[in-house]
Every structure is written in structure tokens, then in C-alpha cells.
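**Student:** Pasting a structure here, questions to come.
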Amino acid sequence: MTTTRIHWADLPDSVHRAVAARLGMPVLAAETISAGFNSEIAAKLTTTGSVVFVKGMQLSHPRVWTQRRETEINHYLEGLAPTLLWHLDVDGWSLVAFEYVEARHADYKEPRDLELVVETLARVGRTPCPPIELRRAEQRWAAYVEDPGILARFAGSSLLHTDLNNENVLIQADRALLVDWAWATRGAPWIDSALWVIWLIAAGNYSPAAAEAWATRLPAWKTGDPAVVNAFAQAQARMWADIAGEEPDPWTAGLNQAAQQWARFRAAG
């Protein structure tokens, strides 16, 4: 489910004033950022002394909890994500501001970008899972796994991003940063690398075998029992088929097709 983007100028004056007060100076320019699906507000704000990225939702939005999640987890993501500057609830809106990073979105057809993503995901794998409330892998995918013994193998104590859409990966000259940590999860260490396989297939340049070849560069991938990874692939196929329904939009259809391809590849051994 996507969220309709609202432009900065359309927010109430009370919100504009509160943000200007938080920034310490008025906003001179606001540019709506189109990438991403979850936020109602996503804007690059420029003042005389700074540039910040602000994302937000109405407090009545059913996914407003994602704002709080990103606020809570950012402290533990040094060097992995842009730095959170502040969080503000005002006049029915929840807003979070991050340092603005000059970067571009990852191109999953470019090997150099994939090399940087491998380095970053390896760092995520070495990052202790923070002591905050996170979703658990064995709960997130329970509806798509019949065998409780297999489902239990999804559990773990590793920090997982789980939403490796290329638009959530910012590429600079020598590093990749991950944004949108709203769906951060605690689970088995191999899960992020497995989910990345689906995104690589969906990019349209990789067979399941070629996508898995990139995943094997991650130490965490090697910790996955093949039988459990097979079951995870089937769970992802069921989940994306459920999300897609009978008349999916092109983006969802592409992810569904990629998940089905990967599941068939795993099932064939």
C-alpha cells in the first residue's frame, strides 16, 4: 500500500512555524522528494544555513508508528544511515528530520553499486541489534509458513533492514547508506541477504542464480540452512502473490514475479 504525497506548501502554517523554530531560521525553499512509498511528506528543506530532509505523516495515519521506529533506531545506525536531527509532533503531524545527504539511489544493474551494498549489508550484519521494540521475523512471515519448526528457524538476534528497495539505498562515492528503517526486524542473520535476492531479480538484470551469487558475498548468507532458505523463498512467493492480488500495479507485479522466480529456482534445487 502506497501513501499519497503531500507537498510542503500544503501543510498548515502552524507546522511551518514549528519547523522554522526547530531549524532556527525560516525555510527558503522546499523540494518534494518523489522516491519512496510510505511517507505523506518527503521534502528537502533549505534555509540560509542548512539543508535537511524531512519526512512525515499525520498522527492519525495507520503507519505513523514507522516515524517513531525510525527515531528510536537511528541512534544505533552510525555510518549506516543518515543522522537523525530531530523529531517533532505538531498540529496533527509527526515529522522527522535527517541530515541531507548528497547521493543518488542505487542502480542494481551496476556492479560497483552492488559492491558498496555488500559492504554496507556486511556492516549491518556486524551491528548489534538495538534494545528497542522491533518486529520479529518469525512473526512477520507466520501467515505464509505452515511448518512451525521451520518458522522458528526464521528467529534470531540479528538486526535486519528488510526493505532493500534500491530507492532505500543511497550511493555516494565510496559507500552506500540505507534509509527507511521503519521495517527493521530482529531475526536470523541470513534474511536480509535472502530478501536482497528478490530485489536483484526484480531489477531485471539477474537470474535467480546470478542474484544469489551476489548474496553469497555476504557472510550472513552462509549461515542459512538451505532447507530453511527454501521455505523462506516459498513464504516470500506466497506473501507477494497475496500483496499483488488479481490486478497489481506494475511495481508490485514485478516484485511478485521476482519472488515467484526465486521460489521456483529454490524448489528445483
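**Student:** Answer yes or no: is there a residue in segment 148-161 that is of a type outside the set (Ser, Thr, Tyr) and touching a His at 6+ places or on another chain (Cβ under 6 Å).
**Tutor:** No - not one qualifying residue is present in segment 148-161.
**Student:** Return yes when ARG217 is among the basic types (Lys, Arg), outside any helix (DSSP H, G or I) and in contact with an Asp or Glu (Cβ under 9 Å, 6 or more places away or on another chain) and no when it is not.
**Tutor:** Spelling it out, ARG217 is indeed among the basic types (Lys, Arg), outside any helix (DSSP H, G or I) and in contact with an Asp or Glu (Cβ under 9 Å, 6 or more places away or on another chain).
**Student:** If you don't mind, another one. So VAL90 passes all but one of these: (1) surrounded by 20 or more Cβ atoms within 10 Å (Cβ to Cβ); (2) among the β-branched types (Val, Ile, Thr); (3) not assigned by TED's automatic domain parsing to the domain that holds VAL229. Which condition number does it fail?
**Tutor:** The number of the failed condition is (1).
**Student:** Within segment 57-67, identify whether any single residue is modelled with pLDDT of 90 or more, more than 30 Å from ASP242 (Cα to Cα), in contact with a strand residue (DSSP E or B) (Cβ under 9 Å, 6 or more places away or on another chain) and not in a strand (DSSP E or B), and answer yes or no.
**Tutor:** No, because not a single residue in segment 57-67 is modelled with pLDDT of 90 or more, more than 30 Å from ASP242 (Cα to Cα), in contact with a strand residue (DSSP E or B) (Cβ under 9 Å, 6 or more places away or on another chain) and not in a strand (DSSP E or B).
**Student:** When you scan segment 26-45, do you find a residue that is part of a helix (DSSP H, G or I) and at pLDDT 90 or above, even just one? Talk me through it step by step, then tell me what you get.
**Tutor:** So the first thing to find is which residues in segment 26-45 are part of a helix (DSSP H, G or I), and the list is none.
No, segment 26-45 contains no residue that is part of a helix (DSSP H, G or I) and at pLDDT 90 or above.
**Student:** Out of all the residues in segment 84-94, is one or more of a type outside the set (Gly, Ala, Ser), at pLDDT 95 or above and either in a loop (DSSP other than H, G, I, E, B) or farther than 20 Å from VAL54 by Cβ (or both)?
**Tutor:** No, the conditions are met nowhere in segment 84-94.
**Student:** Would it be correct to say that THR216 is within 18 Å of ASP113 (Cβ to Cβ), without any contact (Cβ under 8 Å) to a residue 40 or more places away in the chain, polar (S, T, N, Q) and touching a helix residue (DSSP H, G or I) at 6+ places or on another chain (Cβ under 8 Å)?
**Tutor:** Against the criterion (within 18 Å of ASP113 (Cβ to Cβ), without any contact (Cβ under 8 Å) to a residue 40 or more places away in the chain, polar (S, T, N, Q) and touching a helix residue (DSSP H, G or I) at 6+ places or on another chain (Cβ under 8 Å)), THR216 qualifies.
**Student:** With respect to the numbered conditions (1) more than 20 Å from ILE132 (Cβ to Cβ); (2) modelled with pLDDT of 95 or more, which one is the sole condition not fulfilled by ASP163?
**Tutor:** All conditions are met except number (1).
**Student:** While we're here: Take the residues in segment 1-55 that are of a type in the set (Lys, Arg) and surrounded by fewer than 18 Cβ atoms within 10 Å (Cβ to Cβ), then tell me which one is farthest from the chain's Cα centre (by Cα).
**Tutor:** Here the answer is ARG17.
**Student:** Can you name the number of the only condition in (1) farther than 21 Å from TRP181 by Cα; (2) in a loop (DSSP other than H, G, I, E, B) that ALA20 fails?
**Tutor:** Looking at each condition in turn, ALA20 falls short on (2).
The rows are residues; the columns are (1) more than 18 Å from TRP141 (Cα to Cα); (2) under 17 Å from the mean Cα position of the chain (by Cα); (3) crowded, with 22+ Cβ neighbours inside 10 Å; (4) outside the structural domain of LEU84 (by TED's automatic domain parsing).
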residue	(1), (2), (3), (4)
TRP190	no, yes, yes, yes
VAL197	no, yes, yes, yes
PRO208	yes, no, no, yes
ALA227	no, no, no, yes
ALA241	no, no, no, yes
GLN260	no, no, no, yes
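**Student:** Restrict the check to segment 247-256 and report whether at least one residue is in contact (Cβ under 8 Å) with a residue 40 or more places away in the chain and either in a helix (DSSP H, G or I) or exposed (fewer than 13 other Cβ atoms within 10 Å of the Cβ) (or both).
**Tutor:** yes
The values are calculated or read from the model by the stated rules, or taken from the named source; none is laboratory data. Bear in mind the structure is a predicted one, so any value in this text is a computation, not a measurement. Cβ coordinates were reconstructed from backbone atoms using ideal geometry, including for glycine residues, and neighbour counts include every protein chain displayed.
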